[in-house]
Structure formats: structure tokens, C-alpha cells
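Q: Just dropping this structure here.
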Amino acid sequence: MMLIPCPWCGPRDESEFHYGGQAGVAYPAEPDALSDSEWAKYLFFRENPKGPFRERWSHSAGCRRWFSLVRDTVTNEVLR
Amino acid sequence: MSQPFRTASGGLVDRGRALAFLFDGREYEGHPGDTLASALLANGVHRVSSGIRTGRPRGIFAAGVEEPNALVQIEEPFPEPMLTATTVELYDGLVARGLRGQGRLAADPDPGRYDGMYAHCDVLVIGAGPAGLAAAMVAASSGARVVVVDDQIRAGGSLLGTGEHLVWVDRVTAELEAAPEVRLLTRTTAFGYYDDNYVVAVQRRPGLPEHRARERVWRIRARRVVLATGAHERSLAFAGNDRPGVMLAGAARTYVNRYGVLPGRRAVVLTGNDSAHDAARDLAAAGVEIAAVADLRDGWAITGVAGTERVEAVTLRAPDGIERRLEADLLLVSGGWNPVGALYSQAGGRLVFDPGLAAFRPDGNCRQALEVAGAAAGSYKLGVCLAEGAAAGKRAAEAAGLVAGEIVLPAVTEPEVTPPLAVWTLPGGDPATAFVDLQRDVTVADLTRATGTGMRSAEHVKRYTTAGTAHDQGKTSGALTSGVIAELLGVEVGALGVTTFRPPFTPVSFAALAGRNRGMRFDPVRVTALHAWHEANGALFENVGQWRRPWYYPREGEDMAAAVLRECWAAREGVAMMDASTLGKIDVRGPDAAVFLDRLYTNMISTLAPGAIRYGVMCRPDGMVFDDGTVIRLAEDRFLVTTTTGNAAAVLDWMEEWLQTEWPELRVHCTSVTEQWATVALVGPDSRRVLATLAPALDVSREGFPFMTWRDTEVAGLEARVCRISFSGELAYEINVSWWDAVTLWEALLAAGAPLGITPYGTETMHVLRAEKGYPIIGQDTDGTVTPHDLGLSWAVSRKKADFLGRRSFSRTDTARPDRKQLVGLLPDAGTLLPEGSHLLTGPDETAALGHVTSSYHSAALGRTFALALVRGGRGLIGQTLWATLDDGVTPVAVTGSVLYDPEGTRRDG
Amino acid sequence: MAERNSPLGGATDRLAAVAAATGGAVTVAEVPFLTQIGVRALPSTSTAVDVNVLQLGPDEWLIVGPPGLSAASADSSAVDVSAQRTTVAMGGSRVLDLLAMGCAIDLHPRVFRVGDCAQTTMAHAPVIIWRRETGFWILVRASFAAHLADWIVDAAQEFTAGD
């Protein structure tokens, strides 16, 4: 049971959170300007590194705020 | 004579009380403080079970959780399979029998209560031996919040087995128990070590009344952890090392000192380290004749073990080469001591081989906030254990920002230590009787076969031979297995390593893990304000997510089909009402609320006038339908959005996600008001008359209150919001009042509608009514691969908006292809009710499915059965015949449009 | 005015029985019909007596006051959520132990002080836990209230007096 640092509520059990996947995948400013394969890349392709990974979480059972953190996917350590 | 092997005095059992128990059908006696194992030994019983594969007799081998042999099945008071006799606390009336490998689960539900508890502390000390007690005392002296867990019935750890410093143990125990911020949990085994110092432990709580939990799972979050889990002795691999009467030397010492039990009359000791000499000394002092102490370091060897049911004699070869056969009923072995590293390994730490210790020990470099003290760290001198524990406790207190006081540790005189021998296999004899894992019956011969096939990794050999996979998880066999494999491969054991430890450290019952989360408490049951009424009026219920919703209300003598037909008929021809309070409701407000909803919904929301309502569809960016519902515009900057019952939380999360992460510039706030409002759907051609009776101030006329508008008014004297929306195609209203007023509204509607035969209906009727109109249920008729176009909802997809979630995906090749699965209606042959999930084939002998049935009902209005289905290119197949699979064959179905009832919409306005 | 029904109105006696069964080690009672107003900006006017503001997030507050206050008295961002949740008041010498059976956050007085509140889960239901001078108030969504009440009554068996 990871302890995830919510910026507003402090550290809480991971069961209070929803996972949001890779951080920094912005909704394309002009979807129509993208080819099908570029759009598919936005929809379906995400990094899956072994090691530090910047990802999104939502404190869904608490303040419902979204935030990003860097987690080591090998050790589950929250790095920042 | 009762308990012939009990010593005359000594030990920590209560000799003043006798406990009667039954083992393998025979009556015995023991004392409070005994385990089943110590009580059996007191009665001269060694053989407890048989080898799971070989069937060879097996006896009590250890004195604690590391026991590989003495598996028992508890029969009374309640069946529990596969416990070890060394961990079962003796109680009066215990009935048990020995087990060969596998136990038997109880056929009846366990009447016992189990629960769970969360705990938080500055310092968690695991193990209340000398190191753990010292750590706990020092940490407690700082005022830190301390939890101490220990699996034994009393604190003391190894001191209970050696009988040393018990006065100090008692004093420390009393002080810890009296300290306000300390929780000392005995009979509690820490079995799982998870991320961020989350440790799970199970506490046995014998002797409590039935309404209290007999076992409790503790979920402990610790700022720091001190692992003081001690060490387990390991065996040696030699032929005949599994005979009853072969016992770990330290265990024999524990039986003598702690339990006042002689494990035999005449013992041979075989060892490669100093500790077995101490055991021999204590046994001798208690009256066991020591036939020989064969120290492998001096060149002694063992060449034979005689006896099948029990050791009868041991043949030793002396350093001078002369073999001697010694009569003995006990063979004490010590292959060395393994620091108990299971929890350290679970915590993410690595175990390294220490040649000086001849054992694997924690590498001291775990990323979690823990430290290891005492024997668990490989420190076997008592003084060092105490000092390490005290230092760990001090550091843990400092880490919590507290200052530890000084404590007095017992003075210890340490004997000189001769380094242990790293020895694994003793040559000679049949390798097929030289066991490394007693519980899985894995021998040196098995390991030889494994390495002979080319296996080079301890993990591979483990999976091939099953060594270390049994109920003891290789506590006595893990390091020995690695040692033997290393010898066979001719590599350093340190380079080979040990296999990974995983939770649980000891077996835990499912009942304990479940705790009170069983039955109705498995998952919260959500109910509406009208639930008591539904229950009192005979509703049967359906689970929709966590909600319990009325399914239908059978009358005397009615089955489900009859009740649903009656309810449907009332809604189509008279007036009916349903509790629709479970619909998700979200208040969306702010200057940019309309812009926001335009981006979320496929259709245009911003053009909606205050006072009006629109049906809306939400897609994910991939274009697949995520949810649907109505959007009510309360004011320029205020909307009330409804969601499907099961999706309310997901939709609110979805809104927050986009607001917070993509569109923070939008001035919009979303608030769940699902339970603020109770909602009653009033449906049917007579609904207008019922509403008019109760809402005198409301113009209910067709023109005065048109479809898809709402009005705030009083209904039955209550503040209410009435919406002219319909999920059935009939004239209908949804009346919203405060949750507090739901019962009053419901009863007023019942009374006002009574002359018109108003009929409460449930979810099944709702489903039939909506399916007759081809309205899809998200999650039933869709599965995350369905676009609004697939559902025939192209009319709800805006062509004017610059963008909305999902729009770009509608032009993807895959999403735009014409042969996607589309929602259609199906009319089966006379009377056949298609099973939901039926596959749809192009011919009776075809096997490739074009799609499947998503909804299927009897229709009162149509006078027949019908179904909705997702069918590849379905709209192009309207008018054709497909074949639906049944349990025992296929049946023809006519494909139709999805709107089967009143396709012209003539009934909507009454 | 018609009779109003609070989510735990039917459980009053069962909740009251907990105090008797536990010899006061655990006390539990519904505090019904409180005014609760969700706001996204704090009202500038000073709050009246017995009105408290719980911070739920960086820009989200819940105003809790006696029954009958008007949401309009807050400000334009105010949403009346009085009926969304009901309130369960708990106290007694063992209340922390009982809460620890269902709530994973640390409620020790060194960590969770009088006046502190937290949104979390209790007995798997979403709740707001608020420590007051006299004990805890647990604000629970109305649909979960019966579940929580059943859970508390069941859990309180562990603290039966005289065991």
C-alpha cells in the first residue's frame, strides 16, 4: 500500500487515489491538424519505463485534485 | 503416567492447570503456556505426520513458525487445516490430527468473528526478543508512538528458549504495557511488508466471547521499522535426516527451558557451530543423556540414522576414522543460523551471503525506512543484540523528532565464539533420503536431477523441485537448498543467492484477511431515501453498482414476468412511478460552464435556454461513448447534469480531470448533488392528471409545460423541480425534491394516483420501456468500443462545434468504417426470449458471429419478445434474417430498426 | 409542514443502544438536518455562532451550520448540499479504536487535532471526518448512511461492556 503525497491533504493510502497514467500528454491544440497515426499516438501510446516515471494521480476519495509526481516503477518510491 | 517427558520443574508453563486435548484419537494433557507440539512431546509423541510425497514418518522438528513437518488439522472447536503443531497454542478441548501435506477446509461457514484495525506509529518493532525489547524501550522512553508485535504468547524471543534474563524481560514487558503510547501486541505475526512501511500482521485472540474477533489483522503504517525478527536454525543434508527424533538443536533447548519438556532421553548432537553445545549443556542439565556431541569442525561425520518411526541409533565417524553406533532417541542437528530475512526481502531489501556467519543476512541497504537489529542482522551475541536494538530505538525516536532517554540493559558475559562452518551436504548414504525441504519432500537427489538437466538458477530449481514452495515457505530449507545447489554446481553460494521471499511470512486464513468485510459489509450498499418503503412494499432488489434498486414489485402469486408485464402496462396505458434517485446529479456552475459542457458533450449545450433540458452524450477522446444523461440549464451560468447510476463518480472525476489538467482557465465548479435530491419518475398517459392534482400552481398543459423543459414549483406542498423528460416514450415527469422530503412526495403521489391505479415499477420495467424505444443503456448496450454513430445517435453529435471530446476520432479510419457494429432491434420467432450475450450468425450452420444480443425482454406493448443487439453493419441488414445462438441450437431473428414502439413519437406529450 | 425524514431517522434507537451496550465506551447519534453549503470562495462576512467552515480542498469549503440556514446567505458560488450528507456524532473512551477499524488515516490527537477535518473513507464509504471538542462528527453521504450505521453498530460489539 503506497503512501501517496497529496499536495493538499498530505500523504494518504494509495487506495484513496485514481491513477491517471503518464503526465504531460496534452490534448492536442488542433486535433484536425494531426494525421490519423499522430492522433492514434495521442490516444493510445504511452511510455512504460523501468525506473523514474512522471505520472498523474487524482485524490479521488479526498480533495479530488489532480497532481503529478515522479515514481520509480521498480521500487514504487515517490521521487518528487 | 501423564506427561512422562515433562520435567519436574522449570519452564514457563502453568503446571497448576491441566488442559485436556485429543490428538489422532488419543487423549493427552498439557498445560497453559504449551503449544500443541510441546504438549505432544511432553507425552512422548514425536511422530505427527507423514511426508507428502514419500509417506515417510515425520516428527516435530522445530519449536516455532519455521516448523516444516508437524502439520496438523484442527477438528474441534472449528475445522482449520494445515496449521503447524508448533504454532498452535494449547487449549482445553482441542481436537487435532496429523496431516500428510494437505488439509481439509470446513464445509460449514466459520461462526467466528474476524476484524481488522489500522494503526500508525513512529516506530514499529517486529519481534520482542532482546533486540526488539531494547529498541522498544528506548523508543518508548522518548514518548514516541511505538507498536511492538511478536508472534509468541509473551515477549522475550530467544530468551524464552535459553531461559536467560527473564526478570529483565518481565520488567520491560510491564513497562511497555504501562506506557500510554505503546501498543505491545503478542500472538501477532507480521506477515507482509509493503511499500512505504506498511506492515500487515495477524493477531490471534483466543478466549474471547463470540461477539469479539478471534483474529484481527493489523494494518500498520510506521514512520520507521525495527526488524528484530531473530534467526532460524537450519538443518544439514544427510541420509535419514527426516526421521522423527531428528530435531533442531535450538528447538530442543527451547522445549527444555521454555516448556519444561524433554524431547528425548538420550541424544546425539551434530553441529557445525557453537550454539548446539549450549543446547547440549541445557539438555544435560535437565536430565537428557548426551551420547555424543559431534562437531563437524572437529572432523566428525555422520554415517547412519537407524529407526523408522523414531530415531533408534546414530552412527558417527570420529575424527580418527572409527565409526561408532550410538543408541539414541534424539538426534539434534545444527547446520547454522539464518537471520530471518523474509520481511526484509519483502520490503525490497537484498540478502547477501556472509561467509563469516555462513548465512544469508540483510545487506543493510534497504530503501525503506527500516533497520535490522540483533540476530536478524546476523548478530548472535546477546550483548550485541541488546546494543543494536537500543541504538535502533534511539535513531527511530530521533527520526520522529524526539529525544530518547537512557535505559538499563542487562549485563551480559559473552563466551568466546568459534566461527561456524558453512556446511550443507554431508556425504554418504542414499541422497534420495537426504532431505533439504522436509515439507515438500525434496532431497539432494532431486536437486542433483535438477542441476543435471542444466538448471543454473535457484529460482528455476525451486520451481522444478518445488523446494521452498510449501506452507513453511522454506524457512528451514531455503538457505540449505541454495547451499546444496551451489555445491552441485561448484559455485559460491553467495553468487547463487536465495529465492525471493513474498508475503505472507506465515499462512493467514482467508477469514482473517476478509475480516468484517463479508456479506452485506463486503461492499457498501447504497440506498435511496425511499428504500424502507420499497422493502415494506415487497420490492425485489437489483444491484446497480453499489446501489440497491427496486427491481420489480411482485404481487401475490406473480412471477417476475407477470409483474413486469403489469408494471409496463401501467406505464404505457395508465400511470406508474419509479424511484429514480440513484441517477448521478452534478451541479456545474460558473461563467464558463456552457463552454465547458460544449467541450464534454458531443452535442451543443451552450444554445440551451435556461428552463430547457437536453439529452447529451459524452465520449472519451477515442470517440467511444462514456456516459449519457440530461443537461438542465438552471441559469446562464448554472447547469444540472445527470449521469447514469453507475457512472456518477466517474463522470465527476472526468469533469475534474479536464477542468484541472487541460482547461484550468475555465471558471467552472462541479459539485455532486446526487443525494441532495430525490427523484421520482411519474410516467404514463395519466401522469399529467396526477401531477396537476398535487401541483396546483403548475401549468401542466402541453403548451404550458412542453417536453424537455423544467419548472420549479410546489408538489404536495414541497419545494420541487419538475422536469418534462421521458425515458419510456410516454408522457412523463421527473419530480425532484429534497432527500428529506422523498417519502412525503412518494406517498402523496401514491395517494393522488390511487384512483388511476398508479403502479410503482422497478428497474426491469424501466429497461423494457426504454428498450422498446431503442434507448441504449450505457454499459449494457455498449462496452467501450461503441460510438454514438454506432448507436444511431448521430443526431446528438454536433457538426457545428469546433471541437469536443471524441470528435477527431470519428474520422479515424477504424471509427468511420461502414461495417462497424451497430445497434439494431431483433424480433425472434414466436415467444423466444433470446439470452443476452447470444451470438448472431448469418446462417444456421455458420460459426462466425456478426455480433451479440445486448438486451432482451418480453414486451407488453408489442405483445412479443424482442431484443437489441450490436451487429456488424447492422443497419444495412434491417429486414434480413440472422440466427441467434441458444443453449441447444439456433433460432432465426428478423433484424429491425432499434425503435420498436411508437417510432413516430406520438405518445410523448400525452 | 410535512414531516421530513433524515437518512438515519429509522436507526435512532439502534444507535442509542451502542452507548448502553458499551457502557459509554462508544457513543453514536445522528445530528440530522444540518445546513451544509458547498462554496468555492469563502464568504467575506463573518460567520454566525455555531457555523463552521471545513476546508475540503485548495478552493473548496463546506459551511456547516444549524438547520434552516439559507444557501443564498453564502455567495453566488454556494451550492446547498444539506441533504447530500448526514452527520453522525461519535464519542466515548474507545471511539478512536472503533474508528481505526474502518478508517485508514491517523486520528491520533497529536496528528489530528480538534478542529481538523479530512475527506477520506470509513467502512469503504466516502466521509468527511471532523474532530470537535466533544468527539468526532462524521459527515456521510445520505445513500451510505445506513451502511455506515450498520457498520458502526456491528463494530461496537468489540467494546461490549463487561467482557
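Q: Using alpha carbons only, how many degrees (0 to 90, rounded to 10) separate the axis of helix B:560-573 from the longest principal axis of chain B?
A: 30 degrees
Q: In the calculated pair distance distribution of chain B, what percentage of Cα-Cα distances lie above 50 Å?
A: Values: 183063 of 413595 pairs.
When all Cα pairs of chain B are counted, 44 percent exceed 50 Å.
Q: Here's another thing I want to ask about it. Using a 1.4 Å probe on protein heavy atoms only, how many Å² of accessible area do C and B hide from each other, summed over both chains and rounded to 100?
A: On the way: alone 8790 and 36880 Å², together 41670 Å².
Interface between C and B: roughly 4000 Å².
Q: Ordered by residue, what ³J(HN,Hα) values in Hz, to whole numbers, does the range B:802-812 give under the Karplus form 6.51 cos²θ - 1.76 cosθ + 1.60, where θ = phi - 60° and Gly and Pro are x?
A: 4, 7, 7, 5, x, 4, 4, 6, 5, 9, 5
Q: Just to make sure I understand: if all protein chains stay in place, what is the order of B:HIS460, B:HIS120 by accessible area at 1.4 Å, largest first? If you can, show how the numbers build up before the last one.
A: On the way: B:HIS460 110, B:HIS120 45 Å².
The ordering from most to least exposed comes out as B:HIS460, B:HIS120.
Q: Using the heavy atoms of the protein chains alone and a 1.4 angstrom probe, what is the accessible area of the protein assembly as shown per residue in square angstrom?
A: Solvent-accessible surface per residue comes out at 39 Å².
Q: Also, I was wondering about something else. For the range B:106-163 and the range B:17-59, write down the distance between their C-alpha centroids in whole Å.
A: If you average the Cα positions of each part, the centres end up 27 Å apart.
Q: Right, another one. Convert each backbone phi in the range B:213-221 into a coupling constant with the Karplus relation 6.51 cos²θ - 1.76 cosθ + 1.60 (shift: θ = phi - 60°), then list the ³J(HN,Hα) values in order as whole Hz, x for Gly and Pro.
A: 5, 7, 9, 9, 9, 9, 10, 10, 9
Q: Using +1 at the C-beta of Lys and Arg and -1 at the C-beta of Asp and Glu, which of B:HIS669, B:GLY646, B:VAL631 has the Cα lying farthest in the positive direction of the dipole of the range B:584-672?
A: Positive-most Cα among the choices belongs to B:VAL631.
Q: Taking a virtual spin label 7 Å from the Cα of B:ASP354 along the C-beta vector, which residues in the range B:200-240 bring their backbone nitrogen under 20 Å of it?
A: Counting only backbone N, you get B:225-235.
Q: B:ASP741 accessible area, nearest 10 Å², 1.4 Å probe?
A: 10 Å²
Q: Please name the residues of the range C:99-127 whose accessible area, counted over protein heavy atoms with a 1.4 angstrom probe, falls by no less than 20 Å² between the chain alone and the full protein assembly.
A: Listed in order, they are C:ALA100, C:MET101, C:ALA104, C:ILE105, C:ASP106, C:HIS108, C:ARG110, C:GLN119, C:THR120, C:THR121, C:HIS124.
Q: On to the next question. Name the residues whose placed amide hydrogens come within less than 5 Å of the amide hydrogen of B:VAL261, ignoring near sequence neighbours (fewer than 5 apart) on the same chain.
A: The list, which skips near neighbours in sequence, is B:THR7, B:VAL256.
Q: Toward the positive end of the charge dipole of chain B, about the Cα centre and with charges on Cβ (Lys, Arg +1; Asp, Glu -1), which of B:VAL384, B:HIS858, B:GLY192 goes farthest?
A: B:VAL384
Q: Further question: Could you pull the accessible area for B:GLU89 with a 1.4 Å probe, rounded to 10 Å²?
A: Number for this one is 50 Å².
Q: Still on this structure: Heavy atoms only, probe 1.4 angstrom, no DNA, RNA or ligands counted: give me B:LYS800, B:LYS462, B:LYS381 ranked by accessible area, highest first. Walk me through the intermediate numbers first.
A: On the way: B:LYS800 180, B:LYS462 25, B:LYS381 85 Å².
Final ranking, largest accessible area leading: B:LYS800, B:LYS381, B:LYS462.
Q: Let me ask something additional. Give the interface area between chains A and B as buried accessible surface, both sides summed, probe 1.4 Å, in Å² to the nearest 100.
A: Answer for the A-B pair: about 2400 Å² buried.
Q: List the residues of the range B:492-540 that lose 20 Å² or more of accessible area once all protein chains are present, compared with their chain alone (1.4 Å probe, heavy atoms only, no ligands or nucleic acids).
A: B:ARG516, B:ASN517, B:ARG521, B:PRO524, B:VAL525, B:ARG526, B:VAL527
Q: Of the listed peptides C:118-124, B:231-237, what is their order by residue-averaged count of other C-beta atoms within 10 Å, with the highest listed first? Could the numbers behind the result be given before it?
A: On the way: C:118-124: 21.7, B:231-237: 25.3.
Descending packing order for the listed peptides: B:231-237, C:118-124.
Q: What number do you get for the range B:857-910 when its Cα radius of gyration is normalised by 2.2 N^0.38 Å, N = residues? Don't skip to the answer; put the middle values down first.
A: Values: Rg = 13.5 Å, N = 54, 2.2 N^0.38 = 10.0 Å.
Computed over Cα atoms of the range B:857-910, the ratio equals 1.34.
Q: As a test of the formula, what do you get for chain B when each DSSP H run with n ≥ 4 contributes -39,500 (n - 2.57) and the sum is divided by the residue count, at 222 nm and rounded to the nearest 500 deg cm²/dmol? Intermediate results must be reported in sequence, preceding the final value.
A: On the way: 21 runs with 195 residues, N = 910.
Mean residue ellipticity at 222 nm (helix-derived): -6000 deg cm²/dmol.
Q: Would you mind pulling out the separation of the Cα centroids of the range B:608-647 and the range B:433-486, in Å?
A: With the range B:608-647 and the range B:433-486 each reduced to a Cα centre, they are spaced 62 Å.
Q: With the full set of protein chains in place, find how many percent of the accessible area of the range B:572-716 is carbon and sulfur; take the probe as 1.4 Å. Intermediate values should be presented prior to the final figure.
A: Details: 2370 of 4400 Å².
Of all accessible area on the range B:572-716, carbon and sulfur atoms account for 54 percent.
Q: Tally Lys/Arg at +1 and Asp/Glu at -1 over every other residue whose Cβ is under 15 Å from the Cβ of C:GLY91; what's the total? Can you show the working numbers first?
A: Values: positive: C:ARG94, C:ARG131, C:ARG132; negative: C:GLU30, C:ASP97, C:GLU133.
Within the 15 Å Cβ shell, the charges total 0.
Q: Stokes-Einstein diffusion coefficient for the range B:630-774 at 25 °C in a medium of 0.890 mPa s, Rh from the Kirkwood formula over Cα pairs: what value in µm²/s? Don't skip to the end; give the middle numbers.
A: Numbers: Rh = 16.7 Å.
Rounded, D is 147 µm²/s.
Q: So how many Lys-Lys pairs in the protein assembly as shown land under 23 Å Cα to Cα, not counting same-chain pairs under 8 apart? Walk me through the numbers before you get to the answer.
A: Working: A:LYS41/A:LYS50; B:LYS381/B:LYS394; B:LYS381/B:LYS475; B:LYS462/B:LYS475; B:LYS773/B:LYS821.
Here the count comes out as 5.
Q: Where does the charge balance sit around C:GLY65 when Lys and Arg score +1, Asp and Glu -1, over other residues with C-beta under 12 Å from its C-beta?
A: Details: positive: none; negative: C:ASP50, C:ASP80.
Net charge around C:GLY65: -2.
Q: For a quick check: with amide H placed at 1.01 Å from N, whose amide H comes under 5 Å from B:ASP592's, ignoring anything fewer than 5 positions away on the same chain?
A: B:ARG667
Q: For the protein assembly as shown, what D do you get in µm² per second when you plug the Kirkwood radius from alpha-carbon pairs into Stokes-Einstein at 25 °C and 0.890 mPa s?
A: 72 µm²/s
Q: Is the shape of the range B:584-672 best called rounded, prolate or oblate, per the rule: a/c under 1.5 gives rounded, else a/b larger than b/c gives prolate, else oblate, with a ≥ b ≥ c the square roots of the Cα gyration tensor eigenvalues? Before the final figure, lay out the partial values.
A: On the way: a/c = 1.36, a/b = 1.12, b/c = 1.22.
It comes out rounded by the Cα gyration axes.
Q: With only alpha-carbon atoms in the gyration tensor, what are the semi-axes of the equivalent ellipsoid for the range B:1-101, in Å, largest first?
A: 22, 15, 12
Q: Within the accessible area of the range B:1-137, what % is carbon and sulfur when the probe is 1.4 Å and the other protein chains stay in place? All intermediate terms of the calculation are to be shown ahead of the outcome.
A: On the way: 2510 of 4940 Å².
Here it works out to 51 percent.
Q: How charged is the neighbourhood of B:ASP282? Take every other residue with its Cβ under 13 Å from the Cβ of B:ASP282, and add Lys/Arg as +1 and Asp/Glu as -1. Please list the in-between numbers first.
A: Numbers: positive: B:ARG253, B:ARG258, B:ARG281; negative: B:GLU164, B:ASP278.
Result for the local shell: +1.
Q: So, one more: Given a 1.4 Å probe and every protein chain left where it sits, what share in percent of the accessible area of the range C:9-159 is carbon and sulfur?
A: On the way: 3040 of 5570 Å².
Carbon and sulfur together cover 55 percent of it.
Q: Follow-up question, since we're still on this one. In debye, nearest 20, what is the charge dipole magnitude of the range B:424-495 about its Cα centre with +1 on Lys and Arg Cβ and -1 on Asp and Glu Cβ, if you could check?
A: 180 debye
Q: Which log10 I(q)/I(0) values, to two decimals, does the range C:9-159 give at q = 0.11, 0.15 Å⁻¹ under the Debye formula with one point per Cα?
A: -0.42, -0.77
Q: Right, next: Can you sort B:MET520, C:MET90 by 1.4 Å-probe accessible area, starting with the largest? Show your work: numbers first, answer last.
A: On the way: B:MET520 120, C:MET90 5 Å².
Of B:MET520, C:MET90, the descending order of accessible area is B:MET520, C:MET90.
Q: Taking θ = phi - 60°, what integer Hz values does the Karplus form 6.51 cos²θ - 1.76 cosθ + 1.60 yield along the range B:537-551, in sequence order, with x for Gly and Pro?
A: Using θ = phi - 60°, the values come out as 10, x, 5, 9, 10, 10, 7, 10, x, 8, 6, 10, 10, x, 8 Hz.
Q: Another question, then. Nearest 20 debye, what's the magnitude of the dipole of the protein assembly as shown about its Cα centre given +1 on Lys and Arg Cβ and -1 on Asp and Glu Cβ?
A: Values: 110 positive and 134 negative charges, 199 e Å.
Roughly 960 debye for the protein assembly as shown.
Q: Moving on. I'd like the residues of the range A:1-39 whose 1.4 Å-probe accessible area shrinks by no less than 50 Å² going from the isolated chain to the full set of protein chains.
A: Residues of the range A:1-39 that lose at least 50 Å² of accessible area once the other chains are added: A:MET1, A:LEU3, A:ARG12, A:ASP13, A:TYR27, A:ASP32, A:ASP36, A:TRP39.
Q: In terms of modelled amide H atoms, which long-range or inter-chain residues lie less than 5 Å from the amide H of B:PHE626?
A: Under 5 Å from the amide H of B:PHE626 lie the amide H atoms of B:MET618, B:CYS619, B:ARG620, each far enough along the sequence or on another chain.
Q: At the nearest 100 Å², what buried accessible area, both sides summed, do you get for A and C when the probe is 1.4 Å?
A: Adding both sides of the contact gives about 800 Å².
Q: Using +1 on the beta carbon of Lys and Arg, -1 on that of Asp and Glu, and nothing else charged, what's the dipole of the range B:584-672 about the Cα centre, debye to 20?
A: It works out to roughly 320 debye.
Q: Between C:VAL95, B:LEU841, C:GLY9, whose Cα lies farthest towards the positive end of the dipole of the protein assembly as shown when Lys and Arg beta carbons carry +1 and Asp and Glu beta carbons carry -1, centred on the Cα centre?
A: B:LEU841
The values are calculated or read from the model by the stated rules, or taken from the named source; none is laboratory data. Because the structure is predicted, anything quoted here is derived from the model rather than measured. Neighbour counts are summed over all protein chains in view; Cβ atoms, including those assigned to glycine, are modelled from backbone coordinates with ideal geometry. When the accessible area is computed, the model is the full protein with side chains, heavy atoms only, and any ligands, DNA or RNA have been set aside. Shrake-Rupley method; radii C 1.70, N 1.55, O 1.52, S 1.80 Å.
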